[in-house]
Amino acid sequence: AQSVSQHNHHVILSEAASLELGCNYSYGGTVNLFWYVQYPGQHLQLLLKYFSGDPLVKGIKGFEAEFIKSKFSFNLRKPSVQWSDTAEYFCGCGPGNNRKLIWGLGTSLAVNP
Amino acid sequence: NAGVTQTPKFRVLKTGQSMTLLCAQDMNHEYMYWYRQDPGMGLRLIHYSVGEGTTAKGEVPDGYNVSRLKKQNFLLGLESAAPSQTSVYFCASSYGTSQGNEQFFGPGTRLTVL
């Protein structure tokens with residue numbers, strides 16, 4: 001069965017630290033990949049997406065992600081986190097023409113000021 | 001352009017009561033989804049619809065029914081609420097696979113079943 005794994009369930013960082021959140025998917029064909037963020041008490045918002053082209057994708061608020069096809073990975077990065085980045089982060093995968101997205105369980109990020 | 005809206009925002013039910021959650025979108029999206037979010041379990045798909053008049057089961061459909069009579073609305077019904085249905089419910093919509101199925105989410109409904 002298709003699945004998405006987010007290896008880090010809880011991450012605690014200090015402000016200005018660098019961030020990398022892992023996301024791996026299990027599907028061998030064409031995929032669309034997403035990172036969404038959910039701030040406390042809010043709904044999910046799109047951070048960035050990959051459909052095709054340049055595997056390094058830049059999103060909002062200084063986030064970026066790299067699609068590595070050979071590793072089935074789409075890791076999220078930010079060089080310097082801020083307290084306001086405290087949130088839950090979800091990786092989603094849309095395999096081919098699948099009508100549904102497959103979601104990871106999420107990673108909770110806490111940034112200490 | 002309101003995007004995706006959900007009503008109500010909060011609701012408390014007693015076991016056995018029924019209710020309907022309403023999701024509306026004004027982006028002319030073909031696809032609509034209902035998810036539930038529980039701590040440590042991520043997003044779980046309840047039901048979805050790929051067009052007006054069509055619905056399909058997701059991974060946790062038991063105890064829920066849906067209807068998509070109009071393209072812009074997607075209703076989620078609980079016929080006989082149970083405490084296990086205490087959760088935050090999110091509706092989402094998308095243009096569909098032609099645009100990569102990027103989903104747009106509503107603000108959520110927090111439901112407590114006593």
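The values are calculated or read from the model by the stated rules, or taken from the named source; none is laboratory data. This one's a predicted model, so the numbers in the text were calculated from it and none came from an experiment. Using ideal geometry, Cβ is built from the backbone for each residue, glycine included, and neighbour counts are taken over all protein chains shown. Just so you know, the surface numbers come from the protein's heavy atoms only, side chains and all, with ligands and any DNA or RNA stripped out. Shrake-Rupley method; radii C 1.70, N 1.55, O 1.52, S 1.80 Å.
Relative contact order of chain A: 37 percent, from C-alpha pairs under 8 Å at least 6 residues apart in sequence. Compare A:59, A:92, A:28 in a GNM of chain A, Cα atoms joined below 10 Å, and give the one with the largest fluctuation. Checking each option, the largest mean-square fluctuation is seen for A:28. Here segment B:45-113 is treated as a Stokes sphere of Kirkwood radius computed over C-alpha pairs; at 25 °C and 0.890 mPa s its diffusion coefficient rounds to 189 µm²/s. In terms of accessible area, using a 1.4 Å probe and ignoring ligands and nucleic acids, B:14, A:78, A:61, A:100 rank largest first as B:14, A:61, A:100, A:78. Summing charges over neighbours of residue B:52, with a neighbour being any other residue whose Cβ is under 11 Å away from its Cβ, gives +2 when K and R count +1 and D and E count -1.
Legend: residues B:47, A:10, sorted from most to least accessible area (1.4 Å probe; ligands, DNA and RNA excluded), read A:10, B:47. Sorting B:26, B:38 by solvent-accessible area of protein heavy atoms yields B:26, B:38, largest first, with a 1.4 Å probe.
Solvent exposure of the protein assembly as shown amounts to 47 Å² per residue of accessible area, where only protein heavy atoms count and the probe is 1.4 Å.
When only Cα pairs below 8 angstrom with a gap of at least 6 residues are kept, segment A:65-113 shows a relative contact order of 33 percent. For chain A, taking Cα atoms only, Rg and Dmax work out to 13.5, 43 Å respectively. With each label modelled as a point 7 angstrom along the Cα→C-beta vector, the residue A:105-residue A:20 pair spans 2.2 nm. Of the residues in segment A:75-113, those shielded by at least 10 Å² of accessible area once partner protein chains are present, compared with the chain alone at a 1.4 Å probe, are A:90, A:97, A:98, A:99, A:100, A:101, A:103, A:105. Pairs of Lys residues in the protein assembly as shown, spaced 8 or more positions apart or belonging to different chains, with C-alpha separations under 16 angstrom: 8 in total. Counting only protein heavy atoms and a probe of 1.4 Å, the accessible surface of chain B is 52% carbon and sulfur.
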